[in-house]
Amino acid sequence: MVLLAVPALGGCGTGPNGPGSCYRVPALSLGRDTEFGVRNPETRELRVNKRGLAMRKVEAIIKPFKLEEVKEALNGIGIQGMTVTEVKGFGRQKGHTELYRGAEYVVDFLPKIKLEIAVSDDLVDKVVQSIVEAANTGRIGDGKIFVLPMEEVIRIRTGERGPDAV
């Protein structure tokens, strides 16, 4: 049986077994995710926020010259905000050598762009698909996308929580 961790009144931490516990009820879906939350791979239980809504953080590492295309694609599906960070790293692309004033240098860490986008569970597939389509060059080093569960989102100015805060 698959269990769903349902927050008690006021959220997890006030469940039947005291602080830190949640009510558990059978989940309707046997898939990896349901409309209610994120399945914990170790316990096979689903974790939801206080409103019963699952949130995700999508992190994408892309080539710098693809940033504008990805931003436009995300705007096209209604994504209103994201965090962009200049990062350096390498994967299968490894790096390359450059010639500077007659000397050869190995550049191990290549410049990349890291996008961080907080979205509600129902938008994750659209966001991932938009990034893949916009960032794809067909060459090695196009990047990676990571989808992570997010416990809660809080807008500092208003105190809004969950998808309303995004």
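The values are calculated or read from the model by the stated rules, or taken from the named source; none is laboratory data. Only a predicted model underlies this, so the values are computations on that prediction, with no experimental measurement involved. Positions of Cβ are backbone-derived with ideal geometry, glycine not excepted, and every protein chain shown enters the neighbour counts. These area figures cover heavy atoms from the full protein model, side chains too; ligands, DNA and RNA do not enter into them. Shrake-Rupley method; radii C 1.70, N 1.55, O 1.52, S 1.80 Å.
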Practice task
Taking residue 72 as the residue in question, decide whether it is surrounded by 11 or more Cβ atoms within 10 Å (Cβ to Cβ), in contact with an Asp or Glu (Cβ under 9 Å, 6 or more places away or on another chain) and among the acidic types (Asp, Glu).
Solution key: no
Practice task
Collect the residues in the stretch 120-162 that are loosely packed, with under 15 Cβ neighbours inside 10 Å and assigned to a helix (DSSP H, G or I), keeping them in residue-number order.
Solution key: 122, 125, 129, 133
Practice task
Determine, yes or no, whether residue 165 is touching a helix residue (DSSP H, G or I) at 6+ places or on another chain (Cβ under 7 Å), open to solvent by less than 40 Å² (accessible area, probe 1.4 Å), among the small types (Gly, Ala, Ser) and at pLDDT 80 or above.
Solution key: no
Handout entry: Subset of the stretch 62-77 that is of a type outside the set (A, V, I, L, M, F, W, C) and in contact (Cβ under 8 Å) with a residue 40 or more places away in the chain - its residue that is nearest to residue 125 (Cα to Cα)
Key = 76
Problem - Among the candidates 81, 52, residue that is modelled with pLDDT of 60 or more and not in a helix (DSSP H, G or I) - result: 81
Problem - Breaking point among (1) over 23 Å from residue 149 (Cβ atoms); (2) aliphatic (A, V, I, L, M); (3) surrounded by 12 or more Cβ atoms within 10 Å (Cβ to Cβ); (4) modelled with pLDDT under 95, for residue 106 - result: (3)
